[in-house]
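Novice: Attaching a single structure in structure tokens format; questions to follow.
The values are calculated or read from the model by the stated rules, or taken from the named source; none is laboratory data. Predicted model only: the values in this text are computed from it and were never measured. With ideal geometry, Cβ positions are generated from the backbone for all residues, glycine too; neighbour counts draw on all protein chains shown. We work out accessible area using only protein heavy atoms, side chains counted, and drop any ligands, DNA or RNA first. Shrake-Rupley method; radii C 1.70, N 1.55, O 1.52, S 1.80 Å.
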Amino acid sequence: QVQLVESGGGLVQPGGSLRLSCAASGSIFRINTMGWYRQAPGKQRELVAIITGGGTTNYADSVKGRFTISRDNAKNTVYLQMNSLKPEDTAVYYCNVVSGSVAWGQGTQVTVSS
């Protein structure tokens with residue numbers, strides 16, 4: 001079983017930046033896709049960004065040009081650098097890892113507010 005530990009959320013003013021991290025541990029054989037999703041109050045969980053084992057990335061249109069996903073395969077860790085944050089980015093952000101099975105992190109709150 002794969003365990004995911006997220007960190008880096010918090011409160012930031014509009015226009016600010018945050019960096020999320022998600023470290024995977026446990027029964028890891030080969031991690032394929034790693035990604036970030038988010039869920040705002042009253043809304044469905046949505047894809048933010050994903051990165052494949054080969055480094056191919058895909059972003060939601062709403063975050064293109066502002067967010068960057070990256071991964072460190074040696075550390076089994078995925079990152080999400082979030083710049084130019086907007087109030088509509090406020091949500092709980094969840095890490096997702098596909099490694100034989102699908103694992104989800106516990107979620108980390110990101111609040112963008114003045």
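Novice: Just to be sure before I move on: is residue 81 in contact with a strand residue (DSSP E or B) (Cβ under 8 Å, 6 or more places away or on another chain), polar (S, T, N, Q), open to solvent by 20 Å² or more (accessible area, probe 1.4 Å) and at pLDDT 95 or above in the structure I sent? Reasoning before the result, please.
Specialist: On the way: in contact with a strand residue (DSSP E or B) (Cβ under 8 Å, 6 or more places away or on another chain): yes; polar (S, T, N, Q): yes; open to solvent by 20 Å² or more (accessible area, probe 1.4 Å): yes; at pLDDT 95 or above: yes.
So residue 81 fits the description; yes.
So that you can scan it fast, the table gives a plain yes or no per residue for (1) touching a Lys or Arg at 6+ places or on another chain (Cβ under 9 Å); (2) farther than 18 Å from residue 18 by Cα; (3) at pLDDT 95 or above:
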position	(1), (2), (3)
32	no, yes, no
36	no, no, yes
40	no, no, yes
43	no, yes, yes
53	yes, yes, no
70	no, no, yes
100	yes, yes, no
111	no, no, yes
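The rows are residues; the columns are (1) in contact (Cβ under 8 Å) with a residue 24 or more places away in the chain; (2) polar (S, T, N, Q).
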| position | (1), (2) |
| --- | --- |
| 65 | no, no |
| 69 | yes, no |
| 92 | yes, no |
| 97 | yes, no |
| 104 | yes, no |
| 113 | yes, yes |
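Novice: Further question on the same structure: Restricting attention to the stretch 91-105, does a residue exist that is assigned to a loop (DSSP other than H, G, I, E, B) and within 11 Å of the chain's Cα centre (by Cα)?
Specialist: First, the residues of the stretch 91-105 that are assigned to a loop (DSSP other than H, G, I, E, B): 100, 105.
From what is left, the residues that are within 11 Å of the chain's Cα centre (by Cα) are 105.
Yes, there is a match, as at least one residue in the stretch 91-105 is assigned to a loop (DSSP other than H, G, I, E, B) and within 11 Å of the chain's Cα centre (by Cα).
Novice: When the stretch 3-35 is examined, which residues are found to be among the basic types (Lys, Arg) and touching a Gly at 6+ places or on another chain (Cβ under 7 Å)? Give the derivation first.
Specialist: Restricting attention to the stretch 3-35, the residues satisfying the condition of being among the basic types (Lys, Arg) are 19, 30.
Result: 19, single match.
Novice: So for the stretch 35-50 (the condition being surrounded by fewer than 12 Cβ atoms within 10 Å (Cβ to Cβ), farther than 15 Å from residue 104 by Cβ and either of a type in the set (A, V, I, L, M) or in contact with a Pro (Cβ under 8 Å, 6 or more places away or on another chain) (or both)), does at least one residue qualify?
Specialist: No, the stretch 35-50 contains no residue that is surrounded by fewer than 12 Cβ atoms within 10 Å (Cβ to Cβ), farther than 15 Å from residue 104 by Cβ and either of a type in the set (A, V, I, L, M) or in contact with a Pro (Cβ under 8 Å, 6 or more places away or on another chain) (or both).
Novice: Here's a follow-up. If you scan the stretch 1-21, which residues turn out to be open to solvent by 40 Å² or more (accessible area, probe 1.4 Å) and either closer than 9 Å to residue 95 by Cβ or hydroxyl-bearing (Ser, Thr, Tyr) (or both)?
Specialist: Looking only at the stretch 1-21, we keep the residues that are open to solvent by 40 Å² or more (accessible area, probe 1.4 Å), and these are 1, 3, 5, 7, 11, 13-15, 17, 19.
Selection gives 5, 7, 17.
Novice: Within the stretch 61-69, identify whether any single residue is of a type in the set (Asp, Glu) and open to solvent by 40 Å² or more (accessible area, probe 1.4 Å), and answer yes or no. I'd like the intermediate steps shown before the answer.
Specialist: Start the filter on the stretch 61-69 by keeping residues that are of a type in the set (Asp, Glu), which leaves 61.
Applying the additional criterion that residues be open to solvent by 40 Å² or more (accessible area, probe 1.4 Å) yields 61.
Checked the stretch 61-69: at least one residue is of a type in the set (Asp, Glu) and open to solvent by 40 Å² or more (accessible area, probe 1.4 Å).
Novice: Within the stretch 72-89, how many residues are touching a Lys or Arg at 6+ places or on another chain (Cβ under 9 Å) and not in a strand (DSSP E or B)? Quick ask: steps written out before the conclusion?
Specialist: To start, the set of residues in the stretch 72-89 that are touching a Lys or Arg at 6+ places or on another chain (Cβ under 9 Å) comprises 77-86, 89.
If we keep only those that are not in a strand (DSSP E or B) as well, we get 83-86, 89.
Counting residues in the stretch 72-89 that are touching a Lys or Arg at 6+ places or on another chain (Cβ under 9 Å) and not in a strand (DSSP E or B) gives 5.
Novice: Among the residues of the stretch 88-114, write down those that are open to solvent by less than 40 Å² (accessible area, probe 1.4 Å) and among the acidic types (Asp, Glu).
Specialist: Scanning the stretch 88-114 gives a single hit, 89.
Novice: To continue, here is another question. Give the residue that is most open to solvent (accessible area, probe 1.4 Å), with candidates limited to residues of the stretch 22-34 that are assigned to a strand (DSSP E or B) and under 18 Å from residue 69 (Cα atoms). Quick ask: steps written out before the conclusion?
Specialist: Pass one, the stretch 22-34, residues assigned to a strand (DSSP E or B): 22-26, 34.
Still in the running and under 18 Å from residue 69 (Cα atoms): 22-24, 34.
Details: 22: 0, 23: 42, 24: 11, 34: 3 Å².
My answer is 23.
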